[in-house]
Amino acid sequence: MTDDVPDTCASCGKQIRGRPSEWNLDPEWRMYLEDERDLGWFANAPVVICCPGCKDDLDRLENSLSEQRAYGSDADAEAAEAKLHAELDDLDLDCIVDQFAL
């Protein structure tokens with residue numbers, strides 16, 4: 001965890017030119033990262049700093065999981081959750097900052 005806004009994407013690791021995108025961590029994903037990856041404490045809300053393309057990908061994964069939980073089978077929901085967990089497992093935790101550090 002850092003208070004400085006990183007200039008690299010937490011997902012793809014590429015340098016971000018211009019203003020970075022922010023992916024707000026849902027409390028469920030925050031707890032997952034705390035439990036599975038030892039994500040540090042944040043005074044406010046942690047946000048993932050990423051490039052616009054990766055933010056769109058994270059949004060799609062999160063929306064897909066929501067849709068599968070609401071309308072899909074248990075197996076489809078588990079598959080969508082596994083995809084999102086895999087992405088969370090690959091995030092660079094140094095690129096997660098407190099919401100009000102931005």
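The values are calculated or read from the model by the stated rules, or taken from the named source; none is laboratory data. Owing to the predicted nature of the structure, the values given are computational and were not obtained by experimental measurement. Glycine gets a Cβ as well: all are built from the backbone with ideal geometry, and neighbour counts include every protein chain shown. What goes into the accessible areas is simple: the full protein's heavy atoms, side chains included, and nothing from ligands, DNA or RNA. Shrake-Rupley method; radii C 1.70, N 1.55, O 1.52, S 1.80 Å.
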- [ ] Could you identify the single residue in Arg60, Arg30 that is part of a helix (DSSP H, G or I), open to solvent by less than 80 Å² (accessible area, probe 1.4 Å) and of a type in the set (Lys, Arg)?
- [x] Arg30
- [ ] Note down all Cβ pairs under 7 Å where the first residue falls in segment 47-74 and is under 14 Å from Asp26 (Cβ atoms), the second is open to solvent by 40 Å² or more (accessible area, probe 1.4 Å) and of a type outside the set (D, E, K, R), and they're at least six residues apart or on different chains.
- [x] Val47/Asn24; Val47/Gln99
Open item on the list: I'd like the residue in segment 40-51 that is outside any strand (DSSP E or B) and modelled with pLDDT under 95 and, out of all such residues, is surrounded by the most Cβ atoms within 10 Å (Cβ to Cβ).
Closed with: Phe42
- [ ] Kindly establish whether Gly72 is more than 17 Å from the chain's Cα centre (by Cα) and among the small types (Gly, Ala, Ser).
- [x] yes
Open item on the list: Tell me whether segment 41-64 contains one or more residues that are hydroxyl-bearing (Ser, Thr, Tyr) and over 12 Å from the mean Cα position of the chain (by Cα).
Closed with: yes
